Amino acid sequence: MHLKAIHLRNFRLYEEKLYEFTPGINMIRGPNGQGKTALIEAVYFLITGRSFRTSQNADLIRHGANYFHVEASFIKHGIEQKLRVYYSASERRVTYNATSYPFLSSLLGILQGVVIHPDDSTIVKGSPSSRRQLLDMLLGQSDPLYVHHLTRYDRAMRQRNHLLRARSSVTIDSWEYEMANAAAYVVKQRAAATESLCTHGQGLYKMLCNGVESLGLIYKANGAGDYPLDETENLIMKLRDLYRSQYVRHRHREMDMGATMTGPHKDDLIIALNDKEARSFGSEGQQRSCMAALRLAEWKQLQISSQETPLMLVDDIGLSLDSSRKKHLIDHFSTLGQVFVTTTEEE
């Protein structure tokens with residue numbers, strides 16, 4: 001995959017700007033406040049339909065404007081293609097080649113890529129939701145069925161929560177069945193993705209840190225207990241039955257709470273260094289290194305699943321790692337296809 005050019009209109013501080021890129025490493029260098037991060041933020045938006053800096057896409061609209069437009073030309077499967085996104089308060093429109101879609105979620109899987117940015121360490125030490133999002137973004141880019149089941153789960157859970165707060169059991173069985181079926185697929189895929197990230201991440205972490213520490217990942221599925229998630233035979237069916245029984249068992253207690261407390265929306269990904277949880281025992285540098293290794297592992301997993309070369313975005317490399325680990329990361333860039341790096345440094 002090769003991003004040839006991107007055209008920005010009313011995106012962040014850009015009124016209108018066209019950038020063209022090389023197939024290899026693209027260094028975006030300059031002082032702060034010149035739009036370096038906004039440029040790769042626009043690329044990431046085309047990949048995921050969201051920003052890595054804000055949860056509100058309206059923040060991406062240039063001050064004084066009422067919409068933004070991002071257009072890209074790229075090579076995929078050896079064919080030149082076009083992708084356009086229009087966003088305003090009242091309209092979202094995705095156009096991929098000659099086909100239009102009304103939802104930003106349609107962007108997932110068209111362009112694929114990963115971003116390393118200075119706030120990544122908050123994933124290690126932050127809430128479980130940020131770690132679940134790491135898995136969701138990886139799987140959302142490579143498995144359309146995962147997005148379908150995750151969306152179904154969220155919709156059914158909202159309906160169940162409404163019934164719980166109303167202390168009503170009318171139709172709750174059907175929503176619990178839909179939740180259990182979707183949860184089983186989500187948990188199975190997250191567990192498999194965790195195993196893959198761990199396999200790739202261990203070697204990449206040793207590369208960054210000269211092999212002095214070991215990285216580990218453990219997926220904690222809320223409600224599944226100690227059920228063996230690496231089992232393959234009939235796993236989805238067994239998980240579905242397990243979750244359905246959990247929802248029935250906890251129904252009355254959760255009516256008192258007014259919310260569903262069991263399921264993949266409560267799962268966590270434990271990131272460990274030398275068998276100790278990095279959130280509690282890792283230094284800031286170790287946490288940054290963990291995330292850099294996991295982002296590289298994410299890139300590798302996307303490459304394997306898509307049979308394409310994903311984009312690698314690195315924001316402000318001078319802040320992310322110390323000099324030794326930064327050198328190892330930069331040396332690794334030559335293996336990653338097309339790379340976009342922002343920096344304020346002259347060297």
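No value in this document is a laboratory result; all are computed from the given coordinates. Not measured: the values here are computed from a predicted model. Cβ atoms come from the backbone with ideal geometry, glycine included; neighbour counts cover every protein chain shown.
When Lys and Arg each count +1 and Asp and Glu each count -1, what net charge do the other residues less than 12 Å away from residue 114, Cβ to Cβ, add up to? Spell out each step's value before the answer.
On the way: positive: 295, 300; negative: 120, 298, 315.
Net local charge, residue 114 excluded: -1.
Apply the membrane-span-like helix rule to the chain: whole DSSP H runs, Cα extent along the own long axis of at least 18 Å, mean Kyte-Doolittle hydropathy at least -1.0. List the helices found.
Details: long enough: 36-48 (19 Å, 1.32); 128-142 (22 Å, -0.45); 144-165 (32 Å, -1.11); 172-208 (50 Å, -0.15); 235-257 (32 Å, -1.06); 284-306 (33 Å, -0.52).
Membrane-span-like by this criterion, though nothing is claimed about a membrane: 36-48, 128-142, 172-208, 284-306.
When you take every Cα atom in the range 163-316, what is the radius of gyration, and what is Dmax, the widest Cα pair distance, in Å?
18.9, 59
With both partners inside the chain, how many of the DSSP beta bridges are antiparallel, as a percent to the nearest 5?
Working: 40 of 53 bridges.
Roughly 75 percent of the beta bridges in the chain run antiparallel, per DSSP.
Using a Gaussian network model on the chain with a 10 Å cutoff between Cα atoms, which of 47, 116, 218 fluctuates the most?
Of 47, 116, 218, the Gaussian network model singles out 218 as fluctuating most.
Provide, for q = 0.11, 0.12, 0.13, 0.14 Å⁻¹, the log10 of I(q)/I(0) from a solvent-free Debye sum over equal Cα point scatterers in the range 1-111.
Debye output, listed in q order: -0.33, -0.39, -0.46, -0.53.
With each label point set 7 Å from Cα along the Cα-Cβ vector, what nm distance links residue 145 and residue 95?
Inter-label distance under the simple model: 3.4 nm.
Can you divide the C-alpha Rg of the range 176-216 by 2.2 N^0.38 Å and report the result to two decimal places? Can you show the working numbers first?
Details: Rg = 15.5 Å, N = 41, 2.2 N^0.38 = 9.0 Å.
This ratio for the range 176-216 stands at 1.72.
Taking only Cα atoms and a 10 Å spring cutoff, compute GNM fluctuations for the chain and point out the largest among 128, 23, 31.
Looking only at 128, 23, 31, the largest GNM fluctuation is found for 31.
Placing +1 at every Lys and Arg Cβ and -1 at every Asp and Glu Cβ, with all other atoms neutral, what dipole size does the range 1-111 have around its Cα centre, in debye to the nearest 20? Let's see the in-between values first.
Numbers: 14 positive and 8 negative charges, 23 e Å.
The calculation lands at about 100 debye.
Less than 11 Å Cβ to Cβ from residue 328, Lys/Arg counted +1 and Asp/Glu -1: what total charge do the surrounding residues give? Mind dumping the intermediate values first?
Numbers: positive: 206, 325, 326, 327; negative: 322, 331.
Result for the local shell: +2.
³J(HN,Hα) across the range 100-108 via Karplus (A = 6.51, B = -1.76, C = 1.60, θ = phi - 60°), whole Hz, x for Gly/Pro?
Result, rounded to whole Hz: 9, 9, x, 10, 5, 4, 5, 5, 4.
Sticking with the crude label model, points 7 Å out along Cα→Cβ, report the distance from residue 218 to residue 330 in nm, one decimal please.
Once both label points are built, they end up 3.8 nm from each other.
Percent relative contact order of the chain, based on C-alpha pairs within less than 8 angstrom and at least six residues apart? Let's see the in-between values first.
On the way: 605 pairs, mean separation 79.4, N = 347.
For the chain, the relative contact order is 23 percent.
Which ³J(HN,Hα) values in Hz, rounded to whole numbers, follow from the phi angles of the range 109-121 under the Karplus curve 6.51 cos²θ - 1.76 cosθ + 1.60, where θ = phi - 60° and Gly and Pro get x?
Result, rounded to whole Hz: x, 6, 9, 10, x, 9, 10, 10, 9, x, 7, 4, 4.
Calculate, in nm to one decimal, what residue 207 and residue 253 gain on full extension: separation in residues at 0.36 nm each, minus their alpha carbon distance. The partial results should precede the final answer.
Details: separation 46, 0.36 × 46 = 16.56 nm, distance 4.85 nm.
Stretched fully, the residue 207-residue 253 segment lengthens by 11.7 nm.
Using only DSSP helix segments of four residues or longer, with each worth -39500 (n - 2.57), what per-residue ellipticity at 222 nm results for the chain after dividing by its residue count and rounding to 500?
Taking each H run of at least 4 residues, the total per residue is -15000 deg cm²/dmol.
I'd like the distance separating the alpha-carbon centroids of the range 264-301 and the range 88-118, in whole Å.
Computed from Cα coordinates, the inter-centre distance equals 28 Å.
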